[in-house]
Amino acid sequence: MNHETRLHLAAHPFAYPLVRLLARLGPVVRVPGLGVVVNDAALARAVLTDERFRKDGPGSPGDLWTPVLGPSVLLNMEGPPHLALRRKLMPLFTPAYVSALVGDVLAEPLGRLSARLERGETVDLVDAMRSMAGAVICRVIGLGEVSEARARRLFADGERVVAMVSLRSRRLSDRQVAVARRVLDGIGEIARAAYEAGDESTVMGRMRAQGLSAAEARGAAGAFFLTGTETVATFVPRLIALLHDHRTPVADLDRAIEEAMRVTTPTPVMLRSVGTAARIGRVPVRPGDRVLIATHNCARAHGPFDPSRPHPPELRRLWFGAGPHFCIGYPLALAEIRAVASVLLSHNVRVVRRRPARGVLIPTYAHLWIRAA
Ligand code: HEM
């Protein structure tokens with residue numbers, strides 16, 4: 001069994017075998033209690049770009065996150081209000097702005113990481129990534145310089161909230177909502193203070209300059225915090241492990257990253273609620289049905305990890321979504337991943353030991369110890 005499969009089984013011992021089995025039952029399968037499962041990349045793309053499938057109906061991400069984040073945070077919106085908010089937020093994620101932000105926040109931690117590898121130390125990449133991804137998100141939501149301990153604490157808070165969700169979750173319990181709200185209120189307060197300070201060199205200050213209201217900026221900070229921390233932090237150790245396991249020399253870093261994204265699919269499923277009667281492939285769907293796009297199945301159908309093979313058009317970046325909800329943080333995620341991976345590859349790192357994580361939503365390592373070759 002390869003290491004990636006072990007990660008999935010450690011995270012989801014029952015759900016993962018079931019999801020993989022569904023891939024063999026056809027491109028679209030109705031599963032009682034779960035929803036209509038889509039296993040085919042072209043059909044997944046068709047659903048994601050069709051406005052009859054929504055993120056704000058029963059069984060959608062809106063049902064899960066609106067009680068915690070409020071009604072207007074992109075990932076639970078549709079139509080013109082969604083588009084208007086997205087337009088205001090897009091300028092925060094230009095490649096030039098995010099690479100400057102990442103360069104600034106990660107210069108010191110990456111310097112420290114590089115020095116440790118240089119000295120021949122064994123480094124736990126999982127721990128290093130948690131503090132680096134935590135530091136980037138701290139900066140995005142409006143904290144200035146933060147200690148490693150604070151970045152780690154914030155990361156752990158986000159992880160606790162994300163772990164409340166499982167494949168079958170339709171709603172969070174009252175207790176979960178209360179815990180998640182406490183965490184998100186803390187993030188909201190930090191964001192509000194930065195918004196009011198209005199310094200345009202900060203993300204929150206830029207949001208104010210873009211014409212976002214204080215409530216919109218606060219909601220966006222919460223959404224970025226939940227979607228943009230663990231996704232990045234869990235991916236980098238998996239990327240490095242894949243390159244190590246396949247002994248792949250990296251000729252083109254971006255291509256290696258995209259291929260590792262395909263194989264790992266940090267967001268393994270996407271949810272939609274059917275708004276208007278439609279068909280997905282040969283399966284008719286009714287308003288209120290829940291559609292579960294098994295991104296992982298769609299992506300894995302293209303075979304094992306091999307950065308030399310180009311991706312067919314229907315797969316292109318499907319792991320970041322498609323259509324109106326395509327990941328707005330894609331340039332930031334890529335800037336972070338590139339920055340860390342280039343340092344690690346410059347040391348030609350090798351994996352010396354690893355342990356899969358249990359009880360997490362996004363499969364990953366609990367520890368991945370690496371050393372310079
Ligand atoms: C490896 C890293 C990441 C992956 C794999 C990823 C994946 C995704 C996917 C698949 C979606 C679309 C979900 C759907 O259509 O249901 C999405 C949306 C989103 N992502 Fe990311 N993401 C990553 C990093 C980030 C980062 C760093 C941020 C921001 C700080 C971010 C913020 C968002 C937001 C706000 C949305 C909702 C956009 C909308 O609904 O219009 N993501 N992401």
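The values are calculated or read from the model by the stated rules, or taken from the named source; none is laboratory data. The model shown is predicted, which means the values in this text are computed figures rather than measured ones. As a convention, Cβ positions derive from the backbone with ideal geometry for all residues, glycine included, and neighbour counts pool all protein chains shown. Side chains are part of the model used for accessible areas, which takes the heavy atoms of the whole protein and leaves out ligands, DNA and RNA. Shrake-Rupley method; radii C 1.70, N 1.55, O 1.52, S 1.80 Å.
Here the dipole of the range 60-159 is about 260 debye; that uses its Cα centre as origin and unit charges on the Cβ of Lys and Arg (positive) and Asp and Glu (negative). According to the Cα-based calculation, Rg over Rh for the range 32-169 is 1.05, with Rh computed by the Kirkwood formula.
Annotation for the range 215-230 versus the range 73-128: alpha-carbon center distance of 13 Å.
For the range 294-309, the residues whose amide N sits under 20 Å from a probe point set 7 Å from the Cα of Asp245 along the beta carbon direction are 295-309. Karplus-derived 3J(HN,Hα) values for the range 166-177, using 6.51 cos²θ - 1.76 cosθ + 1.60 with θ = phi - 60°, are 10, 4, 8, 4, 10, 9, 7, 6, 4, 5, 5, 4 Hz; glycine and proline are entered as x. Ranking Pro71, Thr202, Ala10 by how far each Cα lies toward the positive end of the dipole of the chain (charges on Cβ) leaves Ala10 at the top. On the basis of the beta-carbon distance and an R0 of 30 Å, Ala277 and Leu25 show a calculated FRET efficiency of 0.85.
Peptides 218-230, 319-331 ranked from most to least packed by the mean count of surrounding Cβ atoms within 10 Å: 218-230, 319-331. Annotation: extensible slack from Arg309 through Arg6 equals 106.7 nm (criterion: 0.36 nm per residue apart, minus Cα-Cα distance). Each residue of the range 9-19 was assigned a 3J(HN,Hα) from its phi angle through the Karplus curve 6.51 cos²θ - 1.76 cosθ + 1.60 (θ = phi - 60°); the sequence is 5, 5, 6, 9, x, 9, 5, 5, x, 5, 4 Hz, with glycine and proline shown as x. Here the extension length gained between Arg153 and Ala214 equals 19.5 nm, from 0.36 nm per residue of separation less the Cα-Cα distance. Run through the DSSP bridge list for the range 3-372 and note the antiparallel percent, rounded to the nearest 5. Close to 90 percent.
As a length-normalised measure over Cα pairs under 8 Å and 6 or more apart, the relative contact order of the range 3-372 settles at 30 percent. Translational diffusion coefficient of the chain (Stokes-Einstein, Kirkwood radius from Cα pairs, 20 °C, 1.002 mPa s): 102 µm²/s.
As a calculated quantity, the FRET efficiency between Ala373 and Ala42 at R0 = 51 Å, using C-beta atoms, amounts to about 0.80. Distance between the 7 Å Cα→Cβ label points at Arg355 and Glu145: 3.4 nm.
Leaving out ligands, DNA and RNA, and with a 1.4 Å probe, what % of the accessible surface on the chain is carbon or sulfur? Here it works out to 55 percent. Each of the peptides 113-126, 182-195 was scored by the mean count of other Cβ atoms within 10 Å over its residues; in descending order, highest first, they stand as 182-195, 113-126. In the context of the full set of protein chains, residues of the chain present 43 Å² of accessible surface per residue (probe radius 1.4 Å, heavy atoms only). Using C-alpha pairs under 8 Å with a sequence gap of at least 6, the mean separation divided by the residue count of the range 163-276 gives a relative contact order of 17 percent. What's the center-to-center distance, using Cα atoms, between the range 6-71 and the range 258-297 in Å? The range 6-71 and the range 258-297 have Cα centres separated by 5 Å. Extension gain, Tyr330 to Arg160: 0.36 nm times the residue separation minus the Cα-Cα distance gives 58.9 nm. Label zone of Arg317 (point 7 Å out along Cα→Cβ, amide N under 16 Å): in the range 80-95 this covers 87, 90-95. Net charge dipole, the chain: roughly 1120 debye, given to the nearest 20, about the Cα centre with Cβ charges of +1 for Lys and Arg and -1 for Asp and Glu. Note: relative contact order over the range 89-217, using C-alpha pairs below 8 Å and six or more positions apart, is 23 percent. Between His302 and Arg119, the distance separating the two model label sites (each 7 Å from Cα on the Cα→Cβ line) works out to 4.1 nm. Note on exposure: Tyr365, Tyr97 ranked by accessible area (1.4 Å probe, complete protein assembly) read Tyr97, Tyr365, with the most exposed listed first.
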